[in-house]
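Data block below; observations after.
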Amino acid sequence: MSYGNKIIVIGGGYSGVKTVVHLANNKNNEITFFDKNSYHYMQTDAYELISNEKDFAQVSVDLFTLCADLGENVCFAKQEVTDINFDKKQVITTIQRYHYDYLVIAVGSRTKFVESIKGLKEYSHGVKVLNRAMYFKQKFEMSLFKKVQESGTACKPLNIVVAGAGLSGVEITAEMASFAKEFYSKNNFLCRKLNIVLVSSSEQILKGMDPYLVKKSLKRLLDLKVTIKSQTRVVSLTKESVTLSNGEVISMDFMIFAGGIEPNGLIYKLKLDKNKRNFLNINEYLQVQRYKEVFAIGDCATLYNKDKFIAPTADVAEQMAEVCSENIMNLINHRELKRHNIKSRGILIALGRGYATSRIFGVHISGYLAYCMKKVIEKIYFAKLDRHSKKGCSKIFKM
Ligand SMILES: Cc1cc2nc3c(=O)[nH]c(=O)nc-3n(C[C@H](O)[C@H](O)[C@H](O)COP(=O)(O)OP(=O)(O)OC[C@H]3O[C@@H](n4cnc5c(N)ncnc54)[C@H](O)[C@@H]3O)c2cc1C
């Protein structure tokens with residue numbers, strides 16, 4: 001069946017999914033949607049996956065069933081995009097080439113496993129992809145179990161290192177510390193030595209963030225008995241230890257690396273304008289340079305509002321999706337494009353069970369209330385997609 005406007009969206013993260021949902025409403029749009037995985041992974045809920053509050057089904061949405069409900073004009077294909085020929089308007093996947101009239105690049109970012117840190121890739125974990133987060137979750141639980149087994153004999157401490165004290169590093173550290181504390185106290189186990197070390201390259205954690213959020217997060221981490229090593233960085237790893245730039249060597253059972261992000265592999269191949277860190281440069285309408293029919297949104301693009309850099313988050317990725325889908329419809333209908341005015345609407349930092357700190361529309365809230373707000377936001381986001389996915393699933397099985 002031919003509908004008219006051939007639109008390709010690459011990447012089923014926060015920005016890609018929202019774009020597809022918006023554009024699917026117009027039945028003249030023929031949308032082909034690619035992701036290398038069959039699911040949308042909610043990275044913002046990774047901390048709950050690791051601490052066993054949620055299983056993997058609760059932090060992911062099946063893209064096949066989701067798209068089955070969006071309409072016949074949407075086709076999801078589980079294919080990795082390997083290149084794009086912008087002059088011929090073709091997307092090249094591991095399987096074949098696809099033509100587009102309009103293209104949205106929404107491939108996100110990945111953990112930057114810095115080559116110069118010896119042993120980093122071999123001995124540390126990232127949480128930006130679901131399979132790695134799952135592996136880490138299982139390893140964490142297994143390590144706690146091993147300590148229980150050691151009761152009555154040797155009880156060596158379990159040493160966890162988190163490198164990188166940005167939003168994801170801080171959330172994961174707090175969640176693990178809080179989970180382990182609850183786990184040991186609830187179960188009355190004798191062997192319960194757990195050391196969690198957070199390594200921060202700058203003097204303070206959450207560099208550049210609102211001082212209120214920094215202060216609250218720091219207090220919470222210290223209350224949870226997390227050791228913070230500041231103004232130092234990881235320089236090398238072995239299976240059992242981490243060496244820091246200040247010369248200190250820390251014992252390590254496992255390490256999470258949250259020390260930086262880079263664009264996903266596809267972006268490196270594209271001959272488009274990029275910044276020094278290889279993220280795509282885009283204009284105020286979210287188009288890449290030179291190709292007005294090509295948009296880049298979410299973590300893979302560098303966003304400025306006037307001259308102010310807007311840090312990449314799921315909230316920003318979703319706002320970009322709204323502007324991008326509106327501008328694709330404006331192009332199709334020969335209307336003037338909309339200039340974006342995207343700003344962070346707020347920040348909510350989960351800091352272990354029952355506690356979060358936040359700044360939403362300029363208002364600061366911490367404690368259980370902020371934690372409940374975070375849960376509600378996560379629930380609303382998931383419920384919308386899950387509704388489509390459930391309906392799509394019943395459509396497929398009735399066929
Ligand atoms: C632990 C953690 C906690 C976080 N907490 C928060 C938070 O509390 N609040 C917040 O706002 N943000 C948070 N973030 C940041 C947020 O998750 C990201 O900003 C957001 O995921 C970016 O969305 P995106 O659509 O750009 O990319 P992603 O969500 O990363 O999605 C990109 C998609 O593209 C696919 N893809 C990549 N390359 C290809 C290819 N070549 N072919 C096909 N498919 C491809 C991937 O499989 C993926 O599905 C957190 C991140 C982490 C890691």
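The values are calculated or read from the model by the stated rules, or taken from the named source; none is laboratory data. Worth saying up front: this structure is predicted, and the values here are computed from it rather than measured. Here the Cβ is made from the backbone with ideal geometry for all residues, glycine too, and neighbour counts use every protein chain on show.
For the reader, a short list of remarks on this structure follows.
- Test: residue in the range 169-176 that is away from the ligand (no atom under 15 Å from the Cβ), surrounded by 15 or more Cβ atoms within 10 Å (Cβ to Cβ) and assigned by TED's automatic domain parsing to the domain that holds GLU240: no
Conditions tested, residue by residue: (1) surrounded by fewer than 16 Cβ atoms within 10 Å (Cβ to Cβ); (2) within 12 Å of the ligand (Cβ to nearest atom); (3) in a loop (DSSP other than H, G, I, E, B); (4) at pLDDT 95 or above.
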{"residue": "ASN278", "(1), (2), (3), (4)": "yes, no, yes, yes"}
{"residue": "PHE309", "(1), (2), (3), (4)": "yes, no, no, no"}
{"residue": "MET329", "(1), (2), (3), (4)": "no, no, no, yes"}
{"residue": "ASN341", "(1), (2), (3), (4)": "yes, no, yes, yes"}
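- Take the conditions (1) without any contact (Cβ under 8 Å) to a residue 60 or more places away in the chain; (2) within 17 Å of the chain's Cα centre (by Cα); (3) in the same structural domain as HIS22 (by TED's automatic domain parsing); VAL323 misses just one of them, which is (2).
- Scanning the range 150-181 for residues that are of a type outside the set (Lys, Arg) and at pLDDT below 80 turns up GLU150, SER151, GLY152, THR153, ALA154, CYS155.
- The range 78-105, subset out of contact with any Lys or Arg (no Cβ under 9 Å at 6 or more places or on another chain), of a type outside the set (D, E, K, R) and in a loop (DSSP other than H, G, I, E, B), residue nearest to the ligand (Cβ to nearest atom): ILE95
- The set of residues in the range 228-241 that are out of contact with any helix residue (DSSP H, G or I) (no Cβ under 9 Å at 6 or more places or on another chain) and either in a strand (DSSP E or B) or closer than 14 Å to MET176 by Cβ (or both) comprises LYS229, SER230, VAL235, SER241.
- Subset of the range 101-124 (residues that are hydroxyl-bearing (Ser, Thr, Tyr) and either touching a residue at least 60 places away in the same chain (Cβ under 8 Å) or within 15 Å of ASP35 (Cβ to Cβ) (or both)): TYR102, SER109, THR111, TYR123, SER124
- Of all residues in the range 19-33 being crowded, with 24+ Cβ neighbours inside 10 Å and within 13 Å of the ligand (Cβ to nearest atom), the one that is farthest from ASN330 (Cα to Cα): PHE33
- Hey, GLN204 closer than 29 Å to SER344 by Cα, modelled with pLDDT of 90 or more and over 25 Å from the mean Cα position of the chain (by Cα) or not: no
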